[in-house]
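Beneath this line is the structure, given in structure tokens, with notes to follow.
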Amino acid sequence: MDQFIEQIVTGLSIGSILLLVALGLSIIYGSMGIINLAHGEFVMLGAYAAWVFHTYLGLGLLASLVPIFLVVAAFGWVIERFVLSLLNNRPLDTILATWGVGIMLQQAVRLMVGSELRYVQLPPALSDSMDVFGIPVSSYRVFLFVVSIALFGATWLLMNRTTVGMKLRAIIQDRSVAASFGINAKRVYALTFAYGAGLAGLAGALVSPLKSVSPDMGTGYVVDAFMVVVLGGVQSLAGTVASAFILGELSGGIAFLQNDTVAKAIVLLAIVVLIRFRPEGLFTARVRA
Amino acid sequence: MSISRRTLLRNTAALGAFAGAGLPHIWIKNADLAYAAGGEIKVGVLFSLTGTTAIIEESLNKATLLAIEEINAAGGIKGSKIVPIVEDPASDPATFSEKARKLVVGDKCVSVFGSYTSASRKAVLPVFERQNNLYWYPTLYEGRECSKNVIYTGAVPNQQQDEFVPWLVKKFGKKFYLIGSNYIYPKEENNYCKKLLEKLGGEVVAEEYVPLGHSEFSSVINKIRSTQPNVIFSTVVGDSVVALHRQYKAAGLDPEKMPMASLTTSENEVAAMGGEAAAGHFTSAPYFMVHKSPENEKFVEAYKKRWGADKVTHFVSEACYFQTYLFKQAVEKLATSDITPPNIRDAVKGQSMIAPQGKVQIEPENLHTWLWPKIAQAKSNGQFEILVEAKEWLKPVPYAAYPGQSCTEKGLVEKS
């Protein structure tokens with residue numbers, strides 16, 4: 001029984017990391033319909049930003065979270081404004097463009113700071129483990145769980161309770177009609193993309209003390225993030241949350257019973273099969289056509 | 001101008017005649033066989049500067065270049081300069097093979113220093129065997145290979161484990177948890193480890209492989225908690241090493257009771273995971289940066305001076321460094337006109353030198369290297385403390401796990 005609870009808690013932790021990484025993509029892909037292959041590189045930029053703030057400015061990880069969000073969001077804004085907004089309604093070109101941007105970001109980081117692994121310190125206050133239902137769990141993992149839920153809450157409020165969110169939802173439903181009501185679609189798109197990028201940056205900074213920081217770390221995360229969003233259903237924030245935790249429990253559980261190699265293969269297979277029968281994902285927001 | 005058929009034919013014929021007479025070496029194979037021409041000896045340097053393993057291979061590139069620069073500054077090899085031709089194989093085995101062919105056939109390098117992963121070594125092997133050239137491989141690896149065209153200067157399983165495993169059993173106990181990345185190197189190392197444990201009456205509570213680049217170890221840590229091994233024997237590689245150590249630490253496990261014993265964690269990985277996550281765990285290797293010897297002090301100082309004070313040296317970059325010197329010694333024995341890859345191979349057999357780790361020697365039988373196994377414990381300052389040093393150097397036995405087979409000068413021999 002203990003082991004069962006332990007495994008559930010582990011799954012929640014893996015799920016919260018997936019959610020953290022996928023949330024930004026869920027906004028960009030789910031809401032704007034942009035397949036952003038540079039998402040992993042935004043995650044990587046966030047991790048490097050954490051390293052830079054720590055090494056050169058002596059800022060701890062927690063203190064630098066807000067600046068990291070702003071820096072990576074600014075990056076996202078620039079890329080939306082000067083690359084993607086020029087490719088409106090050309091989805092294939094957008095995929096290629098974001099892929100290219102991703103490669104350029106990777107190489108730029110490699111050229112500027114070198115390709116060795118970088119070190120981001122675990123916040124000392126969170127470096128112990130604590131008891132959750134009688135199971136010792138790393139405090140930092142608990143912290144990540146709380147943060148990911150909080151970020152989800154903030155994003156949900158932003159989308160559903162603010163004017164910007166309302167405008168975005170209007171644009172998603174019909175861009176030309178929304179524009180004729182005086183909504184500046186360009187501006188809203190740029191802001192949304194920046195917000196998604198900023199979230200990805202935060203995710204990178206937050207996972208960096210548990211994992212490693214290298215120029216090509218994004219490649220793994222972008223795959224994870226797409227799996228979560230596709231499984232959860234495009235345009236459904238709640239679906240993203242549910243699918244992140246489903247995937248977390250599933251891969252954690254199979255990894256415990258078998259091993260991580262098998263877990264990865266089975267989870268991927270399950271998603272492929274599911275997409276075959278439910279192309280819209282598990283959860284879909286009903287939108288009037 | 002219009003070109004008639006007649007002019008075209010005439011011109012083509014003239015061009016053909018010129019090419020045949022004027023550029024004869026295009027047609028005569030191996031006309032330009034002199035490897036050491038014009039006071040230059042060309043060698044290839046084939047380490048990835050981009051892609052996944054660039055993280056570590058960059059330092060191998062640097063150590064090799066450092067040695068070459070030092071040799072050239074001290075007058076080169078009998079007056080000839082070593083000219084390194086650096087290629088970036090981008091962590092991709094197919095590119096490794098393509099670049100190796102370019103270095104050997106196109107640039108006519110007399111030797112190539114390269115590779116970190118076994119996959120990339122296996123990919124270039126056919127090139128060197130077909131062209132009868134020479135590849136210098138600095139990485140510790142899984143053994144079970146016997147090529148006349150590779151000089152192996154890293155440790156093979158017997159050189160990393162023969163001291164290490166009995167020491168771990170004696171100090172911590174007999175229950176081992178084997179964890180590695182999912183490819184050939186960890187599987188062969190674990191294969192050998194299991195053989196040693198069988199002899200020592202040890203027990204393997206789990207043997208598990210994670211995908212390359214894996215970074216989520218919570219389920220592994222749960223399994224470690226539930227099986228309670230005495231030792232976690234790790235052959236996880238690359239950035240996974242960093243993730244495993246950090247998550248082990250974050251989960252509150254105690255290295256004093258359940259240490260990780262690694263064959264792959266070097267100063268490089270420790271710098272990336274931070275000293276506090278590495279502290280208390282063990283690594284077995286022939287070289288550590290803190291090793292005390294005049295040769296090592298010189299090496300570390302030169303490396304830092306050339307590449308930056310925050311840089312570390314480790315057990316693969318040290319091999320890169322000394323193998324370049326062994327190359328020099330071998331070439332020195334040859335007359336300039338005799339400098340060819342097969343002659344260098346014959347000359348390097350039995351060559352020895354005082355490397356940073358101690359005296360090393362190329363075993364004539366299998367072209368592997370006699371090395372000095374050491375066991376060290378990581379400290380929170382990011383360095384190791386050497387606890388055990390072998391009293392004698394250890395012979396390389398690349399087929400240690402396969403008693404029926406051995407590598408000889410004639411090639412692989414099967415004993416029935």
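The values are calculated or read from the model by the stated rules, or taken from the named source; none is laboratory data. What you are looking at is a predicted structure, and each value in this text was computed from that prediction instead of being measured. We place every Cβ from the backbone using ideal geometry, glycine too, and count neighbours over all the protein chains shown. To get the accessible areas, we keep the full protein, side chains included, count just its heavy atoms, and leave off ligands, DNA and RNA. Shrake-Rupley method; radii C 1.70, N 1.55, O 1.52, S 1.80 Å.
Taking B:Val156 as the residue in question, decide whether it is within 16 Å of the chain's Cα centre (by Cα) and either closer than 26 Å to B:Thr408 by Cα or outside the structural domain of B:Lys62 (by TED's automatic domain parsing) (or both).
Details: within 16 Å of the chain's Cα centre (by Cα): yes; either closer than 26 Å to B:Thr408 by Cα or outside the structural domain of B:Lys62 (by TED's automatic domain parsing) (or both): yes.
Yes, satisfied.
So B:Gln323 clears everything in (1) in contact with a Pro (Cβ under 6 Å, 6 or more places away or on another chain); (2) assigned to a helix (DSSP H, G or I); (3) open to solvent by 10 Å² or more (accessible area, probe 1.4 Å) except one condition, right? Which one?
Going through (1) in contact with a Pro (Cβ under 6 Å, 6 or more places away or on another chain); (2) assigned to a helix (DSSP H, G or I); (3) open to solvent by 10 Å² or more (accessible area, probe 1.4 Å) one by one, B:Gln323 breaks only (3).
Just to check your reading of the model, which residue among B:Gly38, B:Gly22 is open to solvent by 20 Å² or more (accessible area, probe 1.4 Å) and either more than 34 Å from the chain's Cα centre (by Cα) or modelled with pLDDT under 80 (or both)? Break it down stepwise before answering.
Values: B:Gly38 fails: either more than 34 Å from the chain's Cα centre (by Cα) or modelled with pLDDT under 80 (or both).
Testing whether each residue is open to solvent by 20 Å² or more (accessible area, probe 1.4 Å) and either more than 34 Å from the chain's Cα centre (by Cα) or modelled with pLDDT under 80 (or both) leaves just B:Gly22.
Give A:Val146, A:Val137 a once-over and let me know the one that is among the β-branched types (Val, Ile, Thr) and either open to solvent by 60 Å² or more (accessible area, probe 1.4 Å) or more than 8 Å from every other protein chain (Cβ to nearest Cβ) (or both).
A:Val146
Taking A:Trp99 as meeting all but one of (1) open to solvent by 60 Å² or more (accessible area, probe 1.4 Å); (2) more than 19 Å from the chain's Cα centre (by Cα), write down the number of the exception.
(2)
Select from region A:59-88 the residues that are open to solvent by less than 60 Å² (accessible area, probe 1.4 Å) and among the small types (Gly, Ala, Ser) and list them in ascending order.
Residues satisfying the conditions are A:Gly60, A:Ser64, A:Ala73, A:Ala74, A:Gly76, A:Ser85.
I'm trying to understand the selection: among the residues of region B:100-138, which are crowded, with 20+ Cβ neighbours inside 10 Å, β-branched (Val, Ile, Thr) and out of contact with any Leu (no Cβ under 8 Å at 6 or more places or on another chain)?
Of everything in region B:100-138, those that are crowded, with 20+ Cβ neighbours inside 10 Å, β-branched (Val, Ile, Thr) and out of contact with any Leu (no Cβ under 8 Å at 6 or more places or on another chain) turn out to be B:Val104, B:Thr117, B:Val127.
Show the residue pairs that are 6+ apart or on different chains and have beta-carbon atoms under 8 Å apart, the first residue being within region B:198-225 and under 21 Å from A:Ser16 (Cα atoms), the second being open to solvent by 30 Å² or more (accessible area, probe 1.4 Å) and hydrophobic (A, V, I, L, M, F, W, C).
These pairs meet every condition: B:Ser219/A:Phe256; B:Asn222/A:Phe256; B:Lys223/A:Phe256.
So which residues in region B:56-69 are surrounded by 17 or more Cβ atoms within 10 Å (Cβ to Cβ) and out of contact with any helix residue (DSSP H, G or I) (no Cβ under 7 Å at 6 or more places or on another chain), if there are any at all?
Within region B:56-69, B:Glu57, B:Glu58, B:Asn61, B:Leu65 qualify.
Consider region A:117-128. How many of its residues are touching a residue at least 60 places away in the same chain (Cβ under 8 Å) and at the interface with chain B (Cβ under 9 Å from one of its Cβ atoms)?
The number of residues fulfilling the criteria is 6.
Of the numbered conditions (1) within 9 Å of chain A (Cβ to nearest Cβ); (2) of a type in the set (S, T, N, Q); (3) crowded, with 24+ Cβ neighbours inside 10 Å; (4) in contact with a helix residue (DSSP H, G or I) (Cβ under 9 Å, 6 or more places away or on another chain), B:Ser266 satisfies every one except a single condition; which is it?
For B:Ser266, the failing item is (1).
Within region B:207-231, track down each residue that is part of a loop (DSSP other than H, G, I, E, B) and facing another protein chain (nearest Cβ under 9 Å).
B:Pro211, B:Gly213, B:His214, B:Ser215, B:Glu216, B:Phe217
Residues of region A:143-166 being without any contact (Cβ under 8 Å) to a residue 40 or more places away in the chain and not polar (S, T, N, Q), which ones?
To start, the set of residues in region A:143-166 that are without any contact (Cβ under 8 Å) to a residue 40 or more places away in the chain comprises A:143, A:146, A:150, A:153-154, A:157-158, A:160-166.
Hits for region A:143-166 are A:Phe143, A:Val146, A:Ala150, A:Gly153, A:Ala154, A:Leu157, A:Leu158, A:Arg161, A:Val164, A:Gly165, A:Met166.
Pick from A:Gly239, A:Gly198, A:Gly252, A:Gly220: which is in a helix (DSSP H, G or I), within 13 Å of chain B (Cβ to nearest Cβ) and open to solvent by less than 30 Å² (accessible area, probe 1.4 Å)?
From the options A:Gly239, A:Gly198, A:Gly252, A:Gly220, the qualifying one is A:Gly252.
Exactly one condition in (1) open to solvent by 10 Å² or more (accessible area, probe 1.4 Å); (2) part of a helix (DSSP H, G or I) is false for B:Val204; which is it?
So the condition that B:Val204 fails would be (2).
Among the candidates B:Val290, B:Val236, single out the residue that is in contact (Cβ under 8 Å) with a residue 40 or more places away in the chain, touching a strand residue (DSSP E or B) at 6+ places or on another chain (Cβ under 7 Å) and open to solvent by less than 10 Å² (accessible area, probe 1.4 Å).
Only one candidate qualifies: B:Val236.
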